[in-house]
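Engineer: Next up is a structure, given as structure tokens.
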Amino acid sequence: MSGTPTASREAALRIAHAARVLAVDVKAFVCALADRHGLPLTEAKLAQVTVDDLRAMLAGDHADENCAVGTSLDKLKEVIRLFKGENVAGSDLPAVQPYAEGDMPQSIRVGVASNHGEELDGHFGSCERFLVYQVSPDEARLIEVRGALDADGAGDKNAARAALVKDCQILYLQSIGGPAAAKVVRAGVYPVKQPKGGAALDVIARLQQNLRHPPPWLARIMGVPAASLQKYEEAALAGGDA
């Protein structure tokens, strides 16, 4: 039997709220959702559910268009909002901030493996989500929360998870195996282990300090001279001009 959970914690919370709104049995509702969208049920899959999907689940696949199915359209729309993460009491997903490319000059993109809230508490191969930040020396924004459980159904789970963060320059995680780390590196991402974990924003704050005076490994990622080598480079340039 597969160890893959039926739903992520966040998805399960949204489903429970939705079942109460619709006054339906939670287990039956989960089975109907799984039949249409596959397991595991994740935040990303729930966000794709439409009013027509709900009608079909409540009244059968042959429900007439715009049929009432014993539930008002307002309630169906309320469920759609819940599935998108709006007004979900008890949700631990952190709020995402707006971001457009070019908003933050001299910034890099950073992923964090997470299972709860805004915590760095995930292992690469099993975390429920990746928090994605845009980080500059003076500002950090959480720009996206990417569910990771869908990747577990792929033929190569590690490659699929690496693809989720391929636009990041750095990925913080509690642990990662050698073969998985190789696939992350191959995707152009630098994995950084933080075995003790902790608040993601604390890790980001330390990174911001390093962005001001980057060590060699970070300078390579940023495409700038390393702070520790800068005085030698300046001396070399001065000698060349003499």
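Values quoted throughout were computed directly from the atomic coordinates according to the rules given, and no laboratory measurement underlies them. Since the model is a prediction, treat every value here as computed from it, not as a measurement. A quick note on method: Cβ atoms are made from the backbone with ideal geometry, for glycine too, and the neighbour counts reach across all protein chains shown.
Engineer: Given the alpha-carbon gyration tensor of the range 108-229, what are the semi-axes of its equivalent ellipsoid in whole angstrom, ordered largest first, with each equal to the square root of 5 times an eigenvalue?
Structural biologist: So the three semi-axes of the range 108-229 are 23, 16, 12 Å.
Engineer: Counting other beta carbons within 10 Å of each Cβ, put S107, S72 in order, fewest first.
Structural biologist: Listing S107, S72 from fewest to most nearby Cβ atoms yields S72, S107.
Engineer: Can I ask one more? Enter the angle in degrees (range 0 to 90, nearest 10) between the Cα long axis of helix 26-37 and the first principal axis of the Cα atoms of the chain, meaning the one along which they spread out most.
Structural biologist: 70
Engineer: Going down the list K84/K196; K75/K166; K157/K193, which pairs span over 29 Å between their C-alpha atoms?
Structural biologist: Violating the 29 Å Cα-Cα cut-off are K84/K196; K75/K166.
Engineer: So which trypsin sites (Lys or Arg not before Pro) in the range 182-214 end up in coil per DSSP with only 14 or fewer other C-beta atoms within 10 Å?
Structural biologist: Passing both the DSSP loop test and the Cβ count: K196.
Engineer: Which value, in debye to the nearest 20, describes the size of the charge dipole of the chain about its Cα centre when Lys and Arg Cβ atoms bear +1, Asp and Glu Cβ atoms bear -1, and nothing else is charged?
Structural biologist: Dipole about the Cα centre, nearest 20: 600 debye.
Engineer: Tell me which label goes with the value of Cα Rg over 2.2 N^0.38 Å computed from the coordinates here: [x] 0.92; [y] 1.26; [z] 1.10.
Structural biologist: Looking at Cα Rg over 2.2 N^0.38 Å for this model, the match is [y].
Engineer: Taking every DSSP beta bridge that has both residues in the chain, what percent is antiparallel when rounded to the nearest 5?
Structural biologist: If we restrict to bridges inside the chain, about 65 percent are antiparallel.
Engineer: So what's the back-of-envelope 222 nm ellipticity for the chain, counting only DSSP H runs of four-plus at -39500 (n - 2.57) apiece and dividing by all residues, rounded to 500?
Structural biologist: Helix-only estimate at 222 nm: -12500 deg cm²/dmol.
Engineer: Given the range 108-229, what percent of its DSSP beta bridges are antiparallel, to the nearest 5?
Structural biologist: Just about 65 percent of them are antiparallel.
Engineer: Quick one: helix 73-83 against the long Cα principal axis of the chain, what's the angle to the nearest 10°, folded into 0 to 90?
Structural biologist: Around 30 degrees separate the two axes.
Engineer: With each pseudo-label sitting 7 Å past Cα toward Cβ, what's the V21-T6 distance in nm, one decimal?
Structural biologist: Taking the simple label geometry, V21 and T6 are separated by 2.0 nm.
Engineer: Moving on. Karplus couplings for the range 135-149 from phi (6.51 cos²θ - 1.76 cosθ + 1.60, θ = phi - 60°), rounded to Hz, Gly and Pro as x?
Structural biologist: 10, 10, x, 10, 8, 9, 10, 7, 9, 6, 10, 10, x, 10, 5
Engineer: What is the sum of charges around R9, taking Lys and Arg as +1, Asp and Glu as -1, for the other residues whose C-beta is under 14 Å from the C-beta of R9?
Structural biologist: -4
Engineer: Give me the extension gain from D138 to E101: residue separation times 0.36 nm, minus the current Cα-Cα distance, reported in nm with one decimal.
Structural biologist: Length gained between D138 and E101: 11.6 nm.
Engineer: Run the quick spin-label model on K196 and N87: label points 7 Å from Cα toward the beta carbon, then report their separation in nm to one decimal.
Structural biologist: 4.3
Engineer: With a point put 7 Å past each Cα toward its Cβ, work out how far R36 is from A205 in nm, to one decimal.
Structural biologist: Label-label distance for R36 and A205, simple model: 4.4 nm.
Engineer: What is the ratio of the Cα radius of gyration of the range 9-83 to 2.2 N^0.38 Å, where N is its residue count, to two decimals?
Structural biologist: 0.99
Engineer: Follow-up question, since we're still on this one. Suppose a student asked you for the relative contact order of the range 108-229, using Cα pairs under 8 Å spaced at least 6 residues apart; what percent would you report?
Structural biologist: So the answer I get is 25 percent.
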